[in-house]
Amino acid sequence: MREKWQEELVKVFSSAKLNAAMKKYTYFKIGGLADALVEPNDIDELVNLYNWCINFNIPVTTIGNGTNLLVSDKGIRGVVIRLNDNLAKVETSNNRIVAQAGALLSIVAKEALKHKLQGFEFAAGIPGSIGGAVFMNAGAYDGEMKHVVKRVKVMTKDGKIEEWDEARLALDYRSSAVAKEEAIILEVEIELFPGKHDEILEKMNLLNRWRRERQPLDMPSAGSTFKRPPDIAGSFLIDKIGLKGFTIGGAQVSKKHAGFIVNIGNASAQDVLDLMTYVQKKVYEAENILLLPEVRVLGEAMETDLIQNAIKT
Ligand SMILES: Cc1cc2nc3c(=O)[nH]c(=O)nc-3n(C[C@H](O)[C@H](O)[C@H](O)COP(=O)(O)OP(=O)(O)OC[C@H]3O[C@@H](n4cnc5c(N)ncnc54)[C@H](O)[C@@H]3O)c2cc1C
């Protein structure tokens, strides 16, 4: 059944999809129905949509390419705003690239290569959008977004458009002020430095080859399940206590890389959450190290004893 606000939404935003299956929009291929999902055509439409949601008191969830998400089996209430290639313009001037938030990191990396700019090779194989990457302060190998981001255009929770510099963004290990303040990233400016085309390409190819060799890229997942604890790889700890291949329902600790949980066929979000909780508990019992989730759990609450954040004393 459609609620009144859903009827109104589709009248104003013709591309809105009602009762959208989130499994179509997550790399994990998991998730219940969102009341509505809209992929704005441009920034103006995104701003109008957000203000419409504020006026009607409808909760908003913003997503990018869905590569770091575990969406509840019970779905997401309100409107999901998905930034896709409608909002993916990329422009380069001197050493700076300005990209709209929906641009994929791989596309921004290609732009950097085209202009012989180095410093973004680390991001070429991360499957997310640049908006999601700033939100998470994504990183790999020798790089992270924090090293390259100079400025971000955001819409704040109360609907104001602002430009945030590096200090205001406060990028830190898999965290940012954007995440804490529930802003929406619209545009990102990065600064790189001049390099040689062949060297940049070689490094991208090398890092991508390492990724293919080590990570289960052929399986649905959300990347690293847990954040890296200080001085040790979480995957090493999980492997050490024999959990590689451990399975609950359709969710499995990857046999290729213990840091990933993969969907081996029709996993529910509850299967993944139960497996995450199990792994967290076992590693804590064996090693006295608390693994905290890197994967973002979105939507209606699910039953879990998973500890999401470190308990501050
Ligand atoms: C195979 C694989 C490999 C991966 N490797 C890496 C890796 O090496 N390093 C790494 O750091 N990550 C890695 N990831 C995780 C993921 O790709 C990154 O976190 C990526 O930056 C997420 O971008 P996204 O667009 O998919 O964001 P989503 O998954 O869609 O969203 C992630 C979070 O960002 C928020 N968000 C997204 N876009 C916006 C926006 N425009 N404004 C405000 N909030 C927004 C969402 O609400 C959510 O909380 C990997 C994932 C997979 C599946």
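Available extension along the chain between N205 and E287 is 25.9 nm, counting 0.36 nm per residue and deducting the alpha carbon span. For the chain, a simple Cβ point-charge model (Lys and Arg +1, Asp and Glu -1, everything else neutral) yields a dipole of about 620 debye relative to the Cα centre. Go through V38, N48, I232 and say which Cα lies farthest out towards the positive end of the charge dipole of the chain; charges sit on Cβ, +1 for Lys and Arg, -1 for Asp and Glu. Comparing the listed Cα positions along the dipole, I232 ranks first.
Here the Debye sum runs over all C-alpha atoms of the stretch 168-258 as equal scatterers in vacuum, and log10 of I(q)/I(0) at q = 0.24 Å⁻¹ comes out as -1.15. Ellipsoid fit via the Cα gyration tensor, the stretch 88-201: semi-axes of 23, 14, 12 Å, each the root of five times an eigenvalue, largest first.
Projecting label points 7 angstrom from Cα along Cα→Cβ for H147 and H197 puts them 2.4 nm apart. Arranged from fewest to most other beta-carbon atoms within 10 Å of their beta carbon, V47, V12, V80 become V12, V47, V80.
Between K110 and D172, the simple spin-label model (points 7 angstrom out along Cα→Cβ) gives 3.6 nm. Charged side chains reduced to their Cβ positions (Lys and Arg at +1, Asp and Glu at -1) give the stretch 4-85 a dipole of some 420 debye around its Cα centre. With N set to the residue count of the chain, report its C-alpha Rg divided by 2.2 N^0.38 Å to two decimal places. This ratio for the chain stands at 1.00. Here the residues E144, E121, ranked from fewest to most Cβ neighbours within 10 Å of their Cβ, fall in the order E144, E121. Rounded to the nearest 20 debye, the dipole magnitude of the stretch 76-152 is 240 debye, with +1 charges on Lys and Arg beta carbons, -1 on Asp and Glu beta carbons, and the Cα centre as origin. Here is how the number arises for the chain: DSSP H runs of 4 or more residues each give -39500 (n - 2.57), the sum is divided by the residue count, and the result at 222 nm is -8500 deg cm²/dmol. A P(r) calculated from all alpha carbon pairs of the stretch 4-85, with 5 Å bins opening at zero, reads 3, 16, 29, 26, 16, 9, 1 percent.
Using a 10 angstrom cutoff on alpha carbons, build the Gaussian network for the chain and name the most mobile of R168, R151, R77. For the chain, modelled as a Gaussian network with Cα springs under 10 Å, the answer is R168.
Close amide H contacts of E187 (hydrogens built in the peptide plane, cut-off under 5 Å, sequence separation of 5 or more or a different chain): A101, K153. Of the candidates A233, A109, A36, which one comes out as most mobile in a Gaussian network treatment of the chain with C-alpha springs shorter than 10 Å? Comparing A233, A109, A36 in the GNM, the peak value goes to A233.
Residues M155, M145, M1, M22 in ascending order of nearby Cβ atoms (within 10 Å, fewest first): M1, M155, M145, M22. Here the stretch 1-142 is treated as a sphere whose radius is the Kirkwood value from Cα pairs; by Stokes-Einstein at 37 °C and 0.692 mPa s it diffuses with a coefficient of 204 µm²/s.
Just so you know, all these numbers are worked out from the coordinates, no wet-lab data involved. Values in this document were obtained by computation on a predicted structure and should not be read as measured data. All Cβ positions, glycine included, derive from the backbone under ideal geometry; neighbour counts span all protein chains shown.
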